[in-house]
Amino acid sequence: MLDDFSTRFKAEGGTGFDLSKCPTKVKIFDDKAGARAHIKAAAKEVSELAHRLYGEADRSLLIVLQGMDTSGKDGTTSAIFHRTPPLNVNVASFKSPTKNELAQDYLWRIHNVCPKKGNITVFNRSHYEDVLVVKVRGFVSPEAVEQRYEQINNFEKHLTQNGTTVLKFMLHISRETQGERLADRLIKPNKRWKFNPGDLEDRKLWPDFMSAYETMVQKTSTDHAPWHVIPSDNRATRGAIISTIVKEKLEGINPQYPDPGYRPEDFVID
């Protein structure tokens, strides 16, 4: 199954998708060391492919990471790109919108940081907050949320039609695992800064959030930008799965270094 992660964890859109049937933990590797070795190998290839993408400067890659608090968005980014120089890799995170952002349409701040040609951008949270926390907390009307699914699909189709490949990952963790990780943040001084009491308020609404995530996948897992629902209770396994899918997607893009036309015999270098 190591060469079939994309198919195995891809979610088909439509009402047939049932999030409760998606595991939060899978047994793929014999141990953590095996998963980490797989991450290391995939990350090395991602580094070379990312450099070729930068040299080609014709296409781009957008990676969307969406998940509940503690699902591992930072750790996933590190797993994929820990061998890649930061030349053309950017991370954009989306917190509560500013006054200026609220004065624009909700996708304005998203489009503003999409990757330019030759670049890779990771969304640590994303435009899907506008059909998740916005929906669960009732910040806009149900009618407005319903409109957003189609708007997001059209937005992502626009990106893909203009040279950006969109890879979307839902980091799927169990409520029990989230509880352990939140407690860990409080216990360990070097992690306490990441603890946000507001996360506990969202935790109380876990069933509502799971329902919102399920609807999100049903309505926005498309042919041009499908969702992958990744078991994320185990950090190393999560990283191995996603880094492999990213590697394979870049291989499919197959970026090539351009030929500038220069030849060794044309120059004398003293």
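Values in this text are rule-based calculations from the coordinates and carry no lab data. Note that the structure is a prediction, hence the values are computed from the model and not measured. Cβ placement follows ideal geometry from the backbone for every residue including glycine, while neighbour counts extend to all protein chains displayed.
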Exercise. Using Cα atoms only, what is the angle between the long axis of helix 142-161 and the major principal axis of the chain, expressed in degrees (0 to 90) to the nearest 10?
Worked result: 10
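Sort Ser96, Ser47, Ser221 by Cβ crowding within 10 Å, fewest neighbours at the top. Walk me through the numbers on the way to the answer.
On the way: Ser96 8, Ser47 18, Ser221 21.
Fewest-to-most ranking of Ser96, Ser47, Ser221: Ser96, Ser47, Ser221.
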Exercise. For the chain, what is one quarter of the convex hull surface built on the Cα atoms, given in nm²?
Worked result: 18.2
Seminar exercise, completed: Any lysines whose Cα falls less than 20 Å from that of Lys25, other than same-chain ones fewer than 8 residues away, would be Lys10, Lys73, Lys168
For this session: Taking the Cβ of Thr237 as the centre, find all other residues whose Cβ is under 13 Å away and add up their charges (Lys, Arg: +1; Asp, Glu: -1).
Result: +4
For this session: Could you run the Karplus curve 6.51 cos²θ - 1.76 cosθ + 1.60 with θ = phi - 60° over region 208-213 and give me ³J(HN,Hα) per residue in whole Hz, x for Gly and Pro?
Result: 5, 5, 4, 5, 5, 5
For this session: Could you size up the charge dipole of the chain around its Cα centre, putting +1 on the beta carbon of Lys and Arg and -1 on that of Asp and Glu, and report it in debye to the nearest 20?
Result: 960
Exercise. What angle, in degrees between 0 and 90 and rounded to the nearest 10, separates the Cα long axis of helix 175-187 from the longest principal axis of the Cα atoms of the chain?
Worked result: 80
For this session: Sort out the exposed loop chymotrypsin sites (Phe, Trp or Tyr not before Pro) in the chain (DSSP loop, at most 14 other Cβ within 10 Å) and tell me the longest stretch that has none.
Result: 1-138
